[in-house]
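The values are calculated or read from the model by the stated rules, or taken from the named source; none is laboratory data. Remember, predicted model here, so these are calculated numbers, not experimental data. Cβ placement follows ideal geometry from the backbone for every residue including glycine, while neighbour counts extend to all protein chains displayed.
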Amino acid sequence: MTLFNQANYEGTSTTFAASDPDLADNEIGDNAATSLKVEGSAVVTLFEHPDYTGNQETFTASDADLADNAIGSNTVSSIQIGFGSSIVLYTDPNYKGTSETISEDTPRMADLPIGDDTVSSVALPTGSQVILYRDADYSGIAAVLNQSEADLDNTDVRQDKLSSVKVFGGPLPVGCVLYQHSDYFGETETLTASDPDLSDNPVGSGIITSIRLTGGAIVELYPEPNYGGRGERLYNSNRDLRNTEIGNDGVASIKILAAE
């Protein structure tokens, strides 16, 4: 990414390939950035003070004039940059507060400096997707994001409840997320392969009420183990299986098929 000391990508500039805790020793200098160019899948967070402190704002696209942004122009003193599948987690809504960048699946947020049950907003680069979970080890209530979310209270996970994360640098894999309750709520489990018997799964047999398809998947739901009984094929996510023939709490095995 590149910072400029004038609007519309003009004037003195400095290009960065990595985070920088103090812009004072760069050509563009401290408290000088007025526009920035963001390329590729970078996620850039600008900070008011050195060492990634003070007011901050996250960008996944270029901005020709920072004056009308929350961070403002001529205020930036440090920058954090994430690439590829990196996402940025924030303790406060609107991409503020303490932040941490992660680029891989995290089964226990408690093991990270940002901690467990602290995240309130998430910034994603274009093309990335994540699954957020309320409980450790990818369990509990879940939410799928394919774009940044300034307030996790807009999701089922909610603010200050995040305990594990799955990160995808591109589209989610072909599969599905099973939910115990309707409207994609309650205990969850993510499947990327067919399962002939759900009874030994965290989200077991006979308790699935809604299902979210990912990666263009098609699924076939069966009322008996080993794909027995009259199956039902779903081409789209379904927030309430009571509206299907197989019904609420009726799934005992599931086939996952690639999009035809």
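Structure notes:
- Just one residue in the set Glu245, Glu189 is outside the structural domain of Leu132 (by TED's automatic domain parsing), of a type outside the set (A, V, I, L, M) and under 21 Å from Asn146 (Cα atoms); that residue is Glu189.
- Any hit, the range 104-114, residues being at pLDDT below 95, part of a strand (DSSP E or B) and not charged (D, E, K, R): yes
- Selection within the range 187-198: residues that are polar (S, T, N, Q) and either closer than 21 Å to Arg242 by Cβ or modelled with pLDDT under 90 (or both). The member of this set that is surrounded by the most Cβ atoms within 10 Å (Cβ to Cβ) is Thr188.
- Within the range 180-196, the residues that satisfy the criterion of being within 22 Å of Ala258 (Cβ to Cβ) and either part of a loop (DSSP other than H, G, I, E, B) or without any contact (Cβ under 8 Å) to a residue 24 or more places away in the chain (or both) are Thr192, Ala193, Ser194, Pro196.
- Residue within the range 159-169 that is touching a residue at least 24 places away in the same chain (Cβ under 8 Å), touching a helix residue (DSSP H, G or I) at 6+ places or on another chain (Cβ under 8 Å), of a type in the set (D, E, K, R) and at negative phi present: yes
- Qualifying residue in the range 152-162 (condition: assigned to a loop (DSSP other than H, G, I, E, B), among the basic types (Lys, Arg) and either under 12 Å from the mean Cα position of the chain (by Cα) or surrounded by fewer than 21 Cβ atoms within 10 Å (Cβ to Cβ) (or both)): yes
- Annotation: of all residues in the range 202-247 being over 27 Å from the mean Cα position of the chain (by Cα) and touching a residue at least 40 places away in the same chain (Cβ under 8 Å), the one that is surrounded by the most Cβ atoms within 10 Å (Cβ to Cβ) is Ser205.
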